[in-house]
Structure formats: structure tokens, C-alpha cells
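The values are calculated or read from the model by the stated rules, or taken from the named source; none is laboratory data. All values derive from a computational prediction rather than experimental measurement. We place every Cβ from the backbone using ideal geometry, glycine too, and count neighbours over all the protein chains shown.
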Amino acid sequence: MSMVTVLIPTLNEEANVDLILNRIFLVKESCGIDFDILFVDSASSDNTCKKVSSWESQGSVFLLRREINLGLAGAVIAGARFVKSTYLLVMDADLSHPPEAIPHLLRPLLENSHDMVVGSRYVEGGTMPDWPVTRKLYSKLATFPALFFCNVKDPLAGFFALKRELIADFPVNVPGFKIGFAVLAECGTGLRILEVPIEFRDRDYGKSKMNKGVIYAYLRQLVSIAGRRISKRVLY
């Protein structure tokens with residue numbers, strides 16, 4: 001496999017597979033960076049896996065099928081342990097994360113100027129053109145408690161690139177769905193982190209995974225991180 005893997009977790013994303021891969025391959029052909037693409041599917045009930053498999057003849061598209069859905073964080077960790085690449089870029093399958101930003105997230109890693117690069121909605125140049133004011137407000141409110149545990153403006157965007165070992169060797173169970181935030185909270189003080197602006201768009205096809213269960217998982221993640229912080233202070 002390549003030195004870089006683009007990892008895309010999926011759950012019932014049949015309608016988006018061709019769309020995202022067509023855009024990713026256009027980026028790959030023009031950016032001069034070689035990378036593989038790994039889909040980690042969490043027991044989709046539609047034809048997501050069939051769609052991905054039809055691209056495997058391209059030579060750089062791979063599929064890891066999981067028989068049960070253990071959540072997004074579990075899928076990303078499984079994918080990180082499956083590949084042997086040095087660097088990993090994680091993005092959603094629904095095209096909310098623009099494939100055209102892939103080179104901007106990878107180059108600082110490849111140039112060894114940073115250890116983790118986050119695609120950010122909240123740095124200068126970042127936009128959310130599909131979002132009404134109320135949704136932007138809710139997003140800011142959801143982000144606010146995460147800011148107590150890391151020093152980036154958009155820890156929940158879910159579009160990030162980093163050294164693969166940071167996830168493959170992740171020392172704790174991740175109760176939430178935001179593995180990027182978990183890495184920032186656990187390792188951020190020792191990492192050189194860069195945020196680059198992205199245009200974040202809503203999905204056109206398929207069903208959003210945002211529900212009460214996801215919100216509950218995020219709250220559990222915050223409590224778990226806070227608990228470990230308190231335990232460390234008590235011990236030391």
C-alpha cells in the first residue's frame with residue numbers, strides 16, 4: 001500500500017460512493033501525491049460494499065467490511081490498524097468534506113512541518129454555505145465544551161490527517177464518534193497541529209447519521225475525557 005491512506009468510514013452510503021471517488025481521483029491525478037483509498041464499512045444494509053468493490057480494479061481502492069456497526073470511531077481505528085501506511089487522512093463519505101482539500105491536509109505532514117492537520121470550518125476562509133444561522137449557532141454550542149480539552153477551533157469537523165500510529169496505537173477506548181477530537185484531547189499538547197479552511201457542505205444523497213444516539217455518544221466522550229483528566233491530576 002501507499003505511504004498515505006485516505007480512510008472513509010461508510011454506513012449506507014451507496015449513493016455517494018461513485019461521486020466521492022470520481023472527485024478524489026481527479027484530485028489524485030492533479031496534486032502529485034500518491035495515496036490509497038480505504039473504505040471501512042460498518043455493516044451497511046444497502047449496496048455500499050458492492051459499489052466500492054466495483055472500483056477495486058483501479059488498484060488503489062480497498063474495502064474493509066465489518067459485520068457489526070461499532071460506530072465511526074471504531075471503524076476508523078479498525079482501518080488504521082488494517083493498513084500499513086505512514087499517514088492517514090480521515091473524511092466522511094457524504095461529500096460534506098471536500099476532496100479538493102485533500103492535498104492541503106497532506107502536504108504539511110509530508111513536509112514534516114506538522115503532525116496533524118484539521119480541515120476547519122472556523123478558521124479564516126472556512127465556510128458553511130448550506131447552513132442557516134440557527135444551525136451554525138447549534139454547531140458552535142456543540143463545539144464549545146470540546147474547546148476545554150484541545151487548542152483548535154474546530155475539533156469536531158471530522159476531516160483530518162495525521163500519522164497513522166496516533167490512531168492505530170490509541171491507548172484508550174473511544175466512547176464517542178469523534179476520533180479526531182479524541183486524538184486532540186489525548187495527544188494535542190505534544191503535537192504540531194495546523195488548521196486549514198474548508199467549505200463544509202450538507203449531504204445531497206443518503207440519510208444523515210446525526211441522531212440522539214450520536215449526541216449521547218458525544219456527551220459520553222466528553223465525560224470520559226474529563227474523567228481521565230481529573231484522574232491524572234489526582235495521581236500526579
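Here Gly119 fulfils each of the conditions (1) over 20 Å from Leu19 (Cβ atoms); (2) at pLDDT 90 or above apart from (1). Candidates in region 177-211 are the residues that are within 12 Å of Val76 (Cα to Cα) and at pLDDT below 85; of these, the one that is farthest from the chain's Cα centre (by Cα) is Phe177. With respect to the stated conditions, Asp18 fails to be crowded, with 16+ Cβ neighbours inside 10 Å, in contact with a Lys or Arg (Cβ under 7 Å, 6 or more places away or on another chain) and either free of Cβ contacts under 8 Å to residues at least 40 places away in the same chain or within 26 Å of Pro197 (Cβ to Cβ) (or both). Within region 21-63, being surrounded by fewer than 20 Cβ atoms within 10 Å (Cβ to Cβ), aliphatic (A, V, I, L, M) and under 19 Å from Ala161 (Cβ atoms) holds for Leu26, Val27, Ile33. The criterion of being touching a helix residue (DSSP H, G or I) at 6+ places or on another chain (Cβ under 8 Å), free of Cβ contacts under 8 Å to residues at least 60 places away in the same chain and either of a type outside the set (Val, Ile, Thr) or closer than 21 Å to Leu109 by Cβ (or both) holds for Phe25. Scanning region 111-132 for residues that are out of contact with any Gly (no Cβ under 6 Å at 6 or more places or on another chain), closer than 20 Å to Ile8 by Cα and not in a loop (DSSP other than H, G, I, E, B) yields Met116, Val117, Val118, Gly119. The test for being assigned to a helix (DSSP H, G or I), acidic (Asp, Glu) and at pLDDT 90 or above holds for Glu100.
Scanning region 116-150 for residues that are surrounded by fewer than 17 Cβ atoms within 10 Å (Cβ to Cβ), farther than 15 Å from Val196 by Cβ and aliphatic (A, V, I, L, M) yields Val133, Leu137, Leu141, Ala142, Leu147.
Residue pairs whose Cβ atoms lie under 8 Å apart, sitting 6 or more positions apart in sequence or on different chains, and linking a residue in region 103-115 that is more than 18 Å from Arg23 (Cα to Cα) to a partner that is in a helix (DSSP H, G or I), are His114/Pro108; Asp115/Leu109; Asp115/Leu166. Ile167 falls short on exactly one of the conditions (1) part of a helix (DSSP H, G or I); (2) modelled with pLDDT under 90; (3) surrounded by 17 or more Cβ atoms within 10 Å (Cβ to Cβ); (4) not polar (S, T, N, Q), and that condition is (2).
The residues in region 88-115 that are under 14 Å from Ile167 (Cβ atoms) and surrounded by fewer than 24 Cβ atoms within 10 Å (Cβ to Cβ) can be counted, and the count is 2.
So that you can scan it fast, the table gives a plain yes or no per residue for (1) in contact with a strand residue (DSSP E or B) (Cβ under 8 Å, 6 or more places away or on another chain); (2) of a type outside the set (A, V, I, L, M); (3) on the phi < 0 side of the Ramachandran plot; (4) part of a loop (DSSP other than H, G, I, E, B):
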{"site": "Ile37", "(1), (2), (3), (4)": "yes, no, yes, no"}
{"site": "Ser45", "(1), (2), (3), (4)": "no, yes, yes, yes"}
{"site": "Val52", "(1), (2), (3), (4)": "yes, no, yes, no"}
{"site": "Ser57", "(1), (2), (3), (4)": "no, yes, yes, no"}
{"site": "Leu63", "(1), (2), (3), (4)": "yes, no, yes, no"}
{"site": "Leu70", "(1), (2), (3), (4)": "yes, no, yes, yes"}
{"site": "Val76", "(1), (2), (3), (4)": "yes, no, yes, no"}
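Here Ser44 qualifies as without any contact (Cβ under 8 Å) to a residue 40 or more places away in the chain and over 27 Å from Leu109 (Cα atoms). The combined condition, being assigned to a helix (DSSP H, G or I), at pLDDT below 65, β-branched (Val, Ile, Thr) and exposed (fewer than 12 other Cβ atoms within 10 Å of the Cβ), is not fulfilled by Val172.
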